Amino acid sequence: MSAHPRHPSRRAVLTTGLGIAALAGISACSSDSDGDSSTSQGGSGGGSAAALPAYIPYEGVEADLPVQDGRTSSGFFAYPAGPATISTGTPGDGEPITAMGPTSFALPPAMDQNAFWQEMNERLGSELHITLTPGGEYDAKFATTVAGRALPDFFHVGSTQSLPQFMASEAADLTDFLSGDAIADYPGLANIPTASWQDCIFDGRIRAIPIQRGLVNLPTLFARQDLLEAAGITATPQNFEELSDISKELTGGNTWAWGSLPLAYARATVDVPSYWMIVDGTFTSTLGDERHEQALEAVRALQDAGVVNPDAASAPTSTRKDWFGAGRSIFHEDSFIAWFSLYVQHGSVPGLNIQALPVIGFDGGTGTQFVPNPNYGITAISAGSADRAETLLRVADYLAAPFGTEEYLFCKFGIDGVNFELEGSDPVPTDAASEVNIGSLYIADAARVIYAPNREAVVQAAWDQQNRVTEKSFQDPTLGLYSETASRKLASLEGALGDAELDIMLGRRPVSDWSAAVEEFNAGGGADILAEYQAAYDELQG
Amino acid sequence: MNSTKRAARLRRSAPLLALAAPGVLLLLAFQYYPLVGNVIAFKDYLPFVGVWESPWVGLENFELIARGDRRFVNALTNTLIITLVQVLLVFPVPIALALALNSMVSDRIKRIVQSVLYLPHFLSWVIVVAVFQQFLGGAGMLNNFLRANGLDTFSLIGNADLFIPLVTSQLIWKDAGWATILFLAVLSQVDTSLYEASTMDGAGRFRQMWHITLPALKGIVILLLILRLGDALSVGFEQIILQQPAVGIEASEVLDTYVYNAGIVDGSWSEATAVGLVKGVVSVLLVLGANKLAHLFGEDGLYRS
């Protein structure tokens, strides 16, 4: 992942590979709510204005639900009929293209058994060789790849020290191709809002492509509404205590209300959804706030009550998605966008009804929704492949084809009659739908909209949810700010803090240990990071 | 004169040297050349800058050892505890097993038992850990059974207090059988006439074991102990890192996982290398020391100078 989940427990994620070993149930990825989302590492910020690409939205479609800046993504009830083809010819040059990226899905069938992948190669005019690593392990994989000097043509930018220097040294300069109106040659990439490109500017040069998510990146708490109703629970809980009571009702046998330790959600209920916050122009740390202890205490109580799956702390995201689909957990923390992929993944579950919970206040009222970086991360073209940059950008552009085009339909849903069947104009996924998870979406991705095939109600509910939770929300304040200390030490510091959080939630250490962990965090570099963010923030404000 | 002798010897050994060359080359390429990379322990290494271009910082990276960094000390403590437990509990098991196997009369049963004991050695840790998890995990077979019958569940995997017993028993289950091979080989060399003679003298089975079998094993036991001591600071990387999420860093971090977590995951390459380097040096000293000790006991040990 290009950045660290907000409350990471990266060590916890190391063993995701076990899941790949086809031994479900084991190990890994406690991560947190936003299994899919991530927060910014930030571009370097400075001197960026000149180079930003123009935003040229695709005008071939009209949304059923409008986009509202900072409040909602656009929503579509149906896939546009007779989608237009916007590409001409094949973008590739016939030579194989290598790429590496994270994935939060089970691995797809290999290329020779994967009709979608073969068709993709055909359409691109180049063979795509993608190395996928489970999201939680990606940073380690990335680090070793960098150290081994083995970066492929496209690489999703993982966590690294001194990011601006790294990008200057290892990523091809794309400015000439993408800056300003030049991006018009790449209509898919041009359809990505300008805000997302901020992350891709390093010392005034464009060195990456954003994997845009916008507001579909929101950390979200999902509930199996069908199972709640089956249990006779129809009212939405109004405070954390009610949520906890419901959890107890829903737990029994091989079912636990929770498949993860919902620390991120608990923090949102007590209005401290982030480690950092800007208060009256001052960049502050929320870590000293005793509400963090309140949130930890609350999750610890859930764990204590036995309503969290006993293997939650070590289960990878993919396993937690399975639990949720199988009804072995009722509540599931994920990225907002998972709403739709969960429907696809568990399409065969009869009566499946997934709803998002509002962010409730701990003692009633409304909590604070965290709004993360609008990008999942960024992907760069290796400096070693700079001579192929134009070709590679054309490939990226193809993969970023806007919603409503024929290319988008293919990239996201696959081949008609193989990976999906058309119902009306909607592509309804078949059993072979998982073939499309080859990871091409971490090379480049279309600007996201709210859409679920043949599920108008879900689209409406999702759009409403965005509209509702963003009313009291809180934007990641580190967006666009760069701190050298953070780039060097934040991963390690957050790792240690995450370990402490996990230990506390699991009852291995007392809640009172939190302040010691925070002190260690601050002493180990947290205080410097705060000061550097403040300085960067001041500079940005002029 | 001397040089002609040497040349003749070289000519004579040429085929042997040629045979050894590929192995030596491999050793140089994959064992010795990478050692040069340890130089980053003295540098402020950034992977994309490169090993040689990164700036020198002297001993700065070793500071965390000197000042007793909490994470490092935690890893060191866990490592030493696990080593101690393993030497005391794991090391003797194959000896006991070998003695038991050796005393078996039926060759057929002995072979079957041996095969069964060897088998787990060939499973990777991923499989072994997964099997343990599926059987004993919080949502594993045993606990699901207990839950289904309204009994109290019991937490073994994911219980930090039981982590060391857990990894120790896994290690015994997996490798104790395999480790009997060396001991069995030595036992098979013991002259049977010794046993016959002792029987004539009226020695029982226990006396035979005490006076014949165990002394025969003494050399190999000391050799293996020395080798184990060289490994004292390594207690298994894969096995532990796979189970780290379940019990947390506090209980499970050992030096090897520390180097990985701090170095590769957290990006403190240089500091982690410094720790690894110190670990390597200490291990060499331990082996040398133990070898000396073996000589004092009148054994050959690893080598004699």
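The values are calculated or read from the model by the stated rules, or taken from the named source; none is laboratory data. Since the model is a prediction, treat every value here as computed from it, not as a measurement. Cβ sites come from the backbone with ideal geometry, for glycine too, and all protein chains shown count toward neighbours.
Tell me which residues, restricted to the stretch A:345-363, are surrounded by fewer than 21 Cβ atoms within 10 Å (Cβ to Cβ) and farther than 20 Å from A:His292 by Cβ.
Of everything in the stretch A:345-363, those that are surrounded by fewer than 21 Cβ atoms within 10 Å (Cβ to Cβ) and farther than 20 Å from A:His292 by Cβ turn out to be A:His346, A:Gly347, A:Ser348, A:Val349, A:Pro350, A:Gly351, A:Leu352, A:Asn353, A:Gln355, A:Leu357, A:Pro358.
Have a look at A:Ala312, A:Ala305 and point out the one that is surrounded by fewer than 24 Cβ atoms within 10 Å (Cβ to Cβ), under 26 Å from B:Gln134 (Cβ atoms) and either without any contact (Cβ under 8 Å) to a residue 60 or more places away in the chain or hydrophobic (A, V, I, L, M, F, W, C) (or both).
A:Ala305
Residues that are touching a residue at least 40 places away in the same chain (Cβ under 8 Å): which helices (runs of 4 or more DSSP H) entirely in the stretch B:161-239 hold 1 or more of them?
B:163-188, B:205-208, B:214-230
Condition first: at the interface with another protein chain (Cβ under 8 Å from one of its Cβ atoms) and outside any helix (DSSP H, G or I). Now tell me which residues in the stretch A:152-172 satisfy that.
A:Ser159, A:Thr160, A:Gln161, A:Ser162
Could you tell me whether B:Phe237 is within 24 Å of A:Arg508 (Cα to Cα) and surrounded by fewer than 21 Cβ atoms within 10 Å (Cβ to Cβ)?
yes
Can you go through A:Ala432, A:Ala462 and tell me which one is in a helix (DSSP H, G or I) and over 23 Å from the mean Cα position of the chain (by Cα)?
Selected residue: A:Ala432, the only one of A:Ala432, A:Ala462 that is in a helix (DSSP H, G or I) and over 23 Å from the mean Cα position of the chain (by Cα).
Identify the single condition in (1) touching a helix residue (DSSP H, G or I) at 6+ places or on another chain (Cβ under 7 Å); (2) modelled with pLDDT under 90; (3) not assigned by TED's automatic domain parsing to the domain that holds B:Asn261 that B:Glu63 does not satisfy, given that it satisfies every other one.
The number of the failed condition is (1).
Can you work out which of the residues in the stretch A:99-151 that are under 22 Å from the mean Cα position of the chain (by Cα) and part of a loop (DSSP other than H, G, I, E, B) is nearest to B:Asn261 (Cα to Cα)?
Ranking the candidates gives A:Ser104 first.
Please give the number of the condition B:Asp266 fails out of (1) surrounded by 19 or more Cβ atoms within 10 Å (Cβ to Cβ); (2) acidic (Asp, Glu); (3) farther than 29 Å from A:Pro510 by Cβ.
Tallying (1) surrounded by 19 or more Cβ atoms within 10 Å (Cβ to Cβ); (2) acidic (Asp, Glu); (3) farther than 29 Å from A:Pro510 by Cβ, B:Asp266 fails exactly one: (3).
Every residue, every condition in (1) surrounded by fewer than 22 Cβ atoms within 10 Å (Cβ to Cβ); (2) not hydrophobic (A, V, I, L, M, F, W, C), yes or no:
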| site | (1), (2) |
| --- | --- |
| A:Thr470 | yes, yes |
| A:Gln475 | yes, yes |
| A:Ala486 | no, no |
| A:Glu494 | no, yes |
| A:Ala500 | no, no |
| A:Leu506 | no, no |
| A:Ser512 | yes, yes |
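Answer yes if at least one residue in the stretch B:23-32 is surrounded by 10 or more Cβ atoms within 10 Å (Cβ to Cβ), under 30 Å from A:Thr160 (Cα atoms) and not acidic (Asp, Glu), and no otherwise.
Yes; the residues of the stretch B:23-32 include at least one that is surrounded by 10 or more Cβ atoms within 10 Å (Cβ to Cβ), under 30 Å from A:Thr160 (Cα atoms) and not acidic (Asp, Glu).
So which residues in the stretch A:159-199 are buried (at least 24 other Cβ atoms within 10 Å of the Cβ), in contact with an Asp or Glu (Cβ under 7 Å, 6 or more places away or on another chain) and closer than 26 Å to A:Ser487 by Cα?
A:Ser159
I need a count of the residues in the stretch B:40-70 that are more than 14 Å from chain A (Cβ to nearest Cβ) and aliphatic (A, V, I, L, M).
Matching residues across the stretch B:40-70 total 4.
With (1) under 17 Å from the mean Cα position of the chain (by Cα); (2) under 19 Å from A:Ser434 (Cβ atoms) as the list, and A:Gly325 as the residue in question, which single condition is left unmet?
Exception for A:Gly325: condition (1).
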